[in-house]
Amino acid sequence: MKKKKILLILSFVVIFALVGCTEADMASYNLSLEADNFNIVRRLTVINCIDSDVILQMEGKISIEEDNIDNQLEITVENDDGTYCKHFVSLGTHITYVVEDLNVGANNIEKYKYTINFNPKMWLPVNVDVVD
């Protein structure tokens, strides 16, 4: 009888956990899992927002983790021969990054293709001309 009660309680916990889960939540979780398992080709772009310069751009089967303690990105790369290597990118106060999935739809995870455009001029400070 006690086992049945525990099983019933666990069933309710699982049901309530799934009720709050949306399709977007599941898609996000699945994409993250696929990327961390090196099944998705991604592009990482690191940008200096002051100079509007692209500091680094990396493409491949990469897993990216933001380390807030060390203020850096930890990038693990899968090579063609099945080996792995790790890279680190320091995140300063004026450094930002964008990660794109390049093979969207290839794993039947995403339904739509999208484009990301960068406009570096948006990050430049405004220069004011003084007219006498």
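The values are calculated or read from the model by the stated rules, or taken from the named source; none is laboratory data. Since we're looking at a predicted model, the values are computed, not measured. The accessibility values were calculated without ligands, DNA or RNA, using every heavy atom of the protein model including side chains. Shrake-Rupley method; radii C 1.70, N 1.55, O 1.52, S 1.80 Å.
Side notes on the structure shown:
- Rolling a 1.4 angstrom probe over region 1-94 with all protein chains present gives an accessible area of which 58% lies on carbon and sulfur atoms.
- Calculated P(r) of region 21-77 - Cα pairs past 20 Å, %: 40
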